[in-house]
Amino acid sequence: MNYPTTMYGVNKLYCEHLGRYYATHYRQLAADRDSHGVDFRSIRFPGLISAMTMPSGGTSDYAPEMLHAAAQHQPYACFVREDVRIPFMAMPDAITALLQLERVAKEKLTQTVYNITSFSPSAGEIRDIVLKEFKNAQITFHPDDKRQAIVDSWPEDVNDSAARRDWGFAPEYDLQRGFNDYLIPGIQRRYA
C-alpha cells in the first residue's frame, strides 16, 4: 500500500483516488446514472530525466544535477547516499507511454493506475556513468538527512507488468541508452 510522506506524493495519490471514484462510483445513487463513468487512466512515473529541461530541486533530481554540473565543469555534492537506488525513466519514454495509454481500448485495461519504469541505478552507478563521459567531473556524496529520508521511503524498483501486459508498454531507453544516446548528448549541446 502507498503511504506518501510528502505533499507532492499525497496529492498524486489523492488524484488517483479521485479518478477511480469518477470512473466507478460517480452518481452512484442517481436514477439515470451512466454505468460507464469517466474513462480515467493514470500512470505512476518513476523519476523522469529530461535532456531538455533543467532540474528544479526535486528529490529525484540528483541524477540530472550530476550531469548538468559535470557539463558546466562545476563540482557537485550529491544530496543522497551513493547506494541509493530508485526507478528512473528518460522523458521520451514517458511521453510515449502517455500516448500509448491514451490510445488503447478501454476494454483492454485491467486497472486505472499503472506503474511504469525503465532503469533503477544507484546514485554511485549514475556518478560512474557521468565520470566516463566527463573525465574531470567532481562528484561527491554529502547526504541531506531530510531529502535522504524521503528517498528512503520510496521503492528501489516497481512492478510494471500490468502496463506491459495491458497496453504493451516497453521503454526504448535502458540505463546505458538513456544516458549515452539521450541525456549526455542533449545536455552537452545545452552547454556547447
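The values are calculated or read from the model by the stated rules, or taken from the named source; none is laboratory data. This structure is a prediction, so every number in the text was calculated from the model and none was measured. Heads up, the Cβs are rebuilt from the backbone with ideal geometry, glycines too, and the neighbour counts pull from every protein chain shown. Calculation scope for accessible area: heavy atoms of the full protein, side chains included, ligands and nucleic acids excluded. Shrake-Rupley method; radii C 1.70, N 1.55, O 1.52, S 1.80 Å.
Search the stretch 20-37 for residues being in contact with a Ser or Thr (Cβ under 9 Å, 6 or more places away or on another chain) and open to solvent by 60 Å² or more (accessible area, probe 1.4 Å), and hand back the single one that is farthest from Phe169 (Cα to Cα).
Selected residue: Thr24.
Please tell me if Thr5 is assigned to a loop (DSSP other than H, G, I, E, B), open to solvent by 80 Å² or more (accessible area, probe 1.4 Å) and within 30 Å of Val130 (Cβ to Cβ).
yes
Can you tell me which residue in the stretch 103-158 is farthest from Cys15 (Cα to Cα), limited to those that are among the aromatic types (Phe, Trp, Tyr) and out of contact with any strand residue (DSSP E or B) (no Cβ under 7 Å at 6 or more places or on another chain)?
Ranking the qualifying residues of the stretch 103-158, first place goes to Phe134.
Taking the stretch 71-92 as the region of interest, how many residues are closer than 23 Å to Pro185 by Cβ and either without any contact (Cβ under 8 Å) to a residue 12 or more places away in the chain or open to solvent by 60 Å² or more (accessible area, probe 1.4 Å) (or both)?
Residues meeting the conditions: 4.
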